[in-house]
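Undergrad: Mind looking over this structure? Questions follow.
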Amino acid sequence: MPAPDSPAHLHALLQLGGRTAAWPAAAAAAAGLGRVVQAEEYLSQAQWTVLKSTECSYAIHSLLHRNLGLLYMAKENYEEARYHLANDIYFASCAFGTEHIRASGGYFHLANIFNGLKKLDLADTLYTKVSEIWNKYLNDHYEVLSQARIQQIDLLGKRFETDTGLDEAQEAEAIQILTSILNIRESTSNKAPQKTIFVLKILFMLYFLMMNSSKAKEYALRALHLAKKQKLSVQEQNTIQDLLNLISVEETQPMT
């Protein structure tokens, strides 16, 4: 562990505490209370360091409150969890903007609390917000790549490689968040199929940008099947078909 009170020490406390606190309540119970107690000790040290420091960024405050929120969720203290997740959202918004993907995790975990408390309207609103944040990020990123690809082809005659613009941890978080929301949406897909299709299309774009064509195709086909089953508009079905066509174009365009 780095020297106490150093920035590296604070980051180490947050990361170590966060990994433990992120265990859901069931896993924590199965593994024994020692994990939760250990997380609380690390995060208490991190909180004390942040409170006495005048140099901690909004991003560090956000990370601390995110991990504290997860810790209190694991302890089933949902009032404290909501307090810390609200602070996570506030500091993430200050650091990156209210619609940034770095703020989406706080909204997602807060939605999970409301969902567990059967406050379904609040949960639905937050799940929708998280979905919209990721949809905008991924589609905006795709548009930037598309423009860069056109320029690259024009200049060099080469295909421009696709990517998400995310690091490995962010990609894993995106997959975890979006598949969790999808599971919730699918449980009510007969009532609101458009919401399920929306998340399926976001997952398509995520995996497409990750260059995992088989997973992208799977989500697009599921979206198309649901759209046909629910007799949604031809326009919606054509939009999904366009996604499938996108994969076909990628697969037939050789790398040079």
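Undergrad: Carbon and sulfur atoms: what percent of the 1.4 Å accessible area of segment 206-253 do they account for?
TA: Working: 1400 of 2750 Å².
Within segment 206-253, the accessible surface is 51 percent carbon and sulfur.
Undergrad: Please report the net charge: other residues with Cβ closer than 9 Å to the Cβ of residue 198, K and R +1, D and E -1.
TA: Value of the local net charge: +2.
Undergrad: Something else: Provide the gained length on full extension for the span residue 163 to residue 94, in nm with one decimal, where the gain is 0.36 nm per separating residue minus the Cα-Cα distance. Could you put the intermediate results ahead of the total?
TA: Details: separation 69, 0.36 × 69 = 24.84 nm, distance 2.70 nm.
Between residue 163 and residue 94, full extension yields an extra 22.1 nm.
Undergrad: Further question on the same structure: Tally Lys and Arg at +1 and Asp and Glu at -1 over the other residues with C-beta under 12 Å from the C-beta of residue 166: what net charge comes out?
TA: -4
Undergrad: Assuming 1.567 mPa s and 4 °C, estimate D for segment 65-215 with Stokes-Einstein, Rh taken as the Kirkwood radius over Cα pairs, in µm²/s.
TA: Values: Rh = 16.6 Å.
Rounded, D is 78 µm²/s.
Undergrad: Next question, about the same structure. Just to check I understand the Karplus step: with θ = phi - 60° and J = 6.51 cos²θ - 1.76 cosθ + 1.60, what whole-Hz values come out for segment 129-143, glycine and proline as x?
TA: 4, 4, 4, 5, 4, 5, 4, 5, 4, 5, 6, 5, 5, 4, 5
Undergrad: What does the highest-first list of 178-187, 108-117 look like by mean Cβ count within 10 Å?
TA: 108-117, 178-187
Undergrad: Another one. Note down the net charge around residue 122, summing +1 for each Lys or Arg and -1 for each Asp or Glu among other residues with Cβ under 12 Å from its Cβ.
TA: Once all neighbours under 12 Å are counted, the net charge is +2.
Undergrad: For segment 66-108 and segment 181-256, write down the distance between their C-alpha centroids in whole Å.
TA: Centre-to-centre (Cα) distance: 29 Å.
Undergrad: Over 23 Å between Cα atoms, which of 118/215; 191/228; 129/191; 119/217; 195/229; 129/217 qualify? Spell out each step's value before the answer.
TA: Details: 118/215 32 Å; 191/228 15 Å; 129/191 19 Å; 119/217 34 Å; 195/229 15 Å; 129/217 25 Å.
118/215; 119/217; 129/217, as the Cα separations exceed 23 Å there.
Undergrad: Note down the accessible area of residue 58, probe 1.4 Å, to the nearest 10 Å².
TA: 110 Å²
Undergrad: Further question: Suppose we look only past 22 Å in the calculated P(r) of segment 175-256. What percent of the Cα-Cα pairs does that tail hold?
TA: 24 percent
The values are calculated or read from the model by the stated rules, or taken from the named source; none is laboratory data. Here the structure is a predicted model, which means the values were calculated and not measured. Don't worry about glycine lacking a Cβ; one is built from the backbone with ideal geometry, like all the others, and counts go over all protein chains shown. Note: accessible area is taken over every heavy atom of the protein model, side chains too, but ligands, DNA and RNA are not part of it. Shrake-Rupley method; radii C 1.70, N 1.55, O 1.52, S 1.80 Å.
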